[in-house]
Amino acid sequence: MRITLIHNPKAGRQHRGEAEALVNLLSEPGHRVRYKSVKEKGLKRTLEKPADLVVVAGGDGTVGKVARRLVALRRDIPLALLPAGTANNIGRTLGLVERPFEELVHAWERPRRMKLDLGSAEGPWGERFFIESVGAGLFANLLADPKSEKLKDRAAAVESGLRRLREEAMRGEPVEVCAALDGKDVSGRYLLFEAVNLRYVGPNLHLAAEAQPGDGHFDLVLVSEAERERLVRYLEHWQESRERLALLPTLRGRRLDIEWTGFALHIDDKLHPKPKIKPKRMAGIVRARIGEAALEFLVPA
């Protein structure tokens, strides 16, 4: 099998020589491996070359980058994931975390094929695909905080991210959101307004109990002032179990229209508005849709 290996050598806590070890691991069963570091230029050209499988060894950001490139290239090619990041929300949703890489590679011989939807968020800035979530409030406010340290630069990124989320949940001000989900008004003042596509988002938070990858829907999690105490309590006890459910108000849908007035809004790990953005690009309708694009992952049967 011809494999294109996309690797982030800076993800997680990898050791020197990790790239060579990964190539050897994939080559051992007889696969032909083409290696590409995501830190180098030319990712698009690499993904255009013939391959039977694209393997991503990295975290959520690397998977998202590869996914967006494949969708833009309209390449109908399966992916496989070797979770090597910090949060690994995509890998955890697919059931791949805490499984040896050797086991995952061996499973590609007789895999189960799992569909994962990509959402698209279109606004004054253009269109961008997302895998994890899009929303306003808690997550967006942390990304917008100029004093915040980047989670990926922290030794204990998940734990520190959880602590910062808890602090923001306790003292943060709700944001006024005018929006409609599949034509139904969902406007209100929210501490958290999040369209979730995965079972896990942010620092492994399990916000949407009914989330199912590949079902053509996202789950809109709505946390108003009335649910603040419940959200804080969830964040305080999250570490007792990653699978602990937040049990927050949630609606399911395919299309979300937001009247964006320039408040902090995130699409996966990208924040809008960007610094020094022109005022005319800081307002307008933001339309998030799902079910129009999807990826196929190989996972253990």
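Throughout, read-outs are computed from the coordinates displayed, never taken from laboratory work. From a predicted model like this one, the values you see are computed outputs, not experimental measurements. Cβ coordinates were reconstructed from backbone atoms using ideal geometry, including for glycine residues, and neighbour counts include every protein chain displayed.
Tabulated data
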{"read-out": "Peptides 36-43, 196-203, 93-100 ordered by average Cβ neighbours within 10 Å, highest first", "value": "196-203, 93-100, 36-43"}
{"read-out": "Rough spin-label spacing in nm, given labels placed 7 Å along Cα→Cβ, for Arg13 and Lys39", "value": "1.9"}
{"read-out": "Theoretical gain in end-to-end length, Ala209 to Arg163 [0.36 nm per residue, Cα-Cα removed]", "value": "14.3 nm"}
{"read-out": "Contact order relative to length of the chain, as percent, for alpha carbon pairs under 8 angstrom and 6 or more apart", "value": "22"}
{"read-out": "Gain upon complete extension [Glu122, Ile285; 0.36 nm per residue less C-alpha separation]", "value": "57.9 nm"}
{"read-out": "Inter-label distance, nm, simple model (7 Å from Cα along the C-beta direction), Ala180/Arg99", "value": "4.2"}
{"read-out": "Principal-axis tilt of helix 157-171 within the chain, Cα atoms, nearest 10 degrees", "value": "10"}
{"read-out": "In order through region 106-112: 3J(HN,Hα) via Karplus (6.51 cos²θ - 1.76 cosθ + 1.60), integer Hz, x for Gly, Pro", "value": "4, 5, 5, 5, 9, x, 9"}
{"read-out": "Region 44-125: trypsin sites (Lys or Arg not before Pro) falling in loop per DSSP and having at most 10 other Cβ within 10 Å", "value": "Arg74"}
{"read-out": "Dipole magnitude (debye, nearest 20) for the chain, charges at Cβ of Lys, Arg, Asp, Glu", "value": "1200"}
{"read-out": "Entries of Lys39/Lys184; Lys49/Lys274; Lys41/Lys115; Lys10/Lys274; Lys184/Lys270 with Cα pairs more than 31 Å apart", "value": "Lys39/Lys184; Lys49/Lys274"}
{"read-out": "Inter-label distance, nm, simple model (7 Å from Cα along the C-beta direction), Ile77/Lys115", "value": "2.2"}
{"read-out": "Value at 222 nm in deg cm²/dmol, rounded to 500, when DSSP H runs of n ≥ 4 in the chain each add -39,500 (n - 2.57)", "value": "-7000 deg cm²/dmol"}
{"read-out": "Charge sum, other residues only, whose C-beta stays under 13 Å from Ala21's C-beta, Lys/Arg counted +1 and Asp/Glu -1", "value": "-3"}
{"read-out": "Region 2-110, dipole about Cα centre (Lys/Arg Cβ +1, Asp/Glu Cβ -1), debye to the nearest 20", "value": "660"}
{"read-out": "Euclidean distance between Cα centres, region 106-123 to region 51-66, Å", "value": "11"}
{"read-out": "For the chain, built as a Gaussian network whose Cα springs stay under 10 Å, the top-fluctuating residue of Ala57, Ala179, Ala136", "value": "Ala179"}
